[in-house]
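The values are calculated or read from the model by the stated rules, or taken from the named source; none is laboratory data. These numbers were taken from a predicted model, which means no experiment stands behind them. With ideal geometry, Cβ positions are generated from the backbone for all residues, glycine too; neighbour counts draw on all protein chains shown. Ligands, DNA and RNA are excluded from the accessible area calculation, which covers all protein heavy atoms including side chains. Shrake-Rupley method; radii C 1.70, N 1.55, O 1.52, S 1.80 Å.
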Amino acid sequence: MPSAEHEAVIELIRLSPELVTDLLSSRFGVSLSEGLTTTPFSEAARVVRPRTFHADAAFVCAAAGGEPELAVVFEVQRSFDPGKRETWRLYLSHIENETRAPAALVVYCPDPRVGQRYREMAATDGISLVLRPFIVTPDDLPLRTDPQEAEQYPELTVFGLVAHMGESRIDEAFPAYAAAMGALRARLGADQTAAYHDLVKAVMSGTTSDEWSRYMSSALTEHRWLSKDNQIAHAKGIRKGKAEDLLLILSVRGVDVSDEARQRIAATTDLAQLDAWLRAAATADRLDEVLGDEG
């Protein structure tokens, strides 16, 4: 069964096929015309696709005149399958026949060891019909931490974040990710950018999601690209983080906090009130100096 990361990567590609063409150009040196437009292969095909065509994503890149310049087949592979040798050949020959454009096969392998096996398979492949896939692993996708760089390459920044999501240093990439989201919103609009973020949130662990909420609560950045659901979740995360910070400060200062007071703090939705309590807690010796007589 596909993992959440698997599904997220496929949906990212479907939302923005330019991500793959950027990879082909920047990582593999494929020369492409500027200003290419992309169309899903199902819409560009002249005849019905064969039932055997089940690639994760496929699209056609056309130049300004509308003539196809490149066809792309994209797949995510979490494990090694030697049968892909024949399947991929079928995909490529079909899409080339349909579009009359050269086809590129781009395969993303979350496990670099799996990617290496596919590279080795391709290196010894074929006599006349040679398979040359472009294999991409997390090693090929930097975890960007520079916001300015992220604004230049927002899609690749998002892809890199998803590819490295399990790493302990993921929080170092949050400023760059927020900058990438801002750049995407300016170019694609709020709805599509929110869809990007929904996909990224889907692959975050609970701990990473909490770290992201804490970062966003303290960062001086726009949050309007968040979907409504994530705006609500983000606001809850901010309140939860402030409440936890308040209790931590009180504990460090040796102030006793009753269960009733803890419940009151946790239930407070007024951010201004929480901020006021945090300021008071910095110098308080008793709970009533923070919460007032009701504490």
Gain on full stretching of the segment that runs from residue 275 to residue 202 - 0.36 nm per residue minus C-alpha separation: 23.3 nm
Solvent-accessible surface ranking, highest first, for 14, 89 at 1.4 angstrom: 14, 89
Computed accessible area, residue 269, all protein chains, 1.4 angstrom probe, square angstrom: 100
Max mean-square fluctuation residue, GNM over the chain, Cα-Cα springs under 10 Å, options 55, 64, 122: 64
Accessible area of the chain belonging to carbon and sulfur atoms, whole % at 1.4 Å probe: 48
Candidates 95, 13, 127, ranked by Gaussian network fluctuation over the chain, Cα under 10 Å, top entry: 127
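What helices does the chain hold that run 27 Å or longer along their axis, going by alpha-carbon atoms, with a Kyte-Doolittle average of -1.0 or more, using DSSP H for the helix calls? Each step should come with its number before you reach the end.
On the way: long enough: 228-252 (36 Å, -0.16).
Membrane-span-like by this criterion, though nothing is claimed about a membrane: 228-252.
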Ellipticity estimate at 222 nm from DSSP helix runs (n ≥ 4, -39,500 (n - 2.57)) divided over the chain, nearest 500: -16500 deg cm²/dmol
214, 119, reordered so the largest accessible area comes first (probe 1.4 Å): 214, 119
Calculated on alpha-carbon atoms, Rg and Dmax of the stretch 44-148 in Å: 15.2, 46
Modelled FRET efficiency - R0 35 Å, residue 262 with residue 171, Cβ distances, 0.05 increments: 0.80
Rounded accessible area of residue 93 (nearest 10 Å², 1.4 Å probe): 60
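Measuring with a 1.4 Å probe in the full set of protein chains, what accessible area per residue, in whole Å², belongs to the chain?
52
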Taking only Cα atoms of the chain, radius of gyration then Dmax in Å: 24.5, 85
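For residue 192 and residue 125, FRET efficiency with R0 = 35 Å and r from the beta-carbon atoms, rounded to 0.05?
On the way: r = 38 Å, r/R0 = 1.08.
Taking R0 as 35 Å, the efficiency between residue 125 and residue 192 is 0.40.
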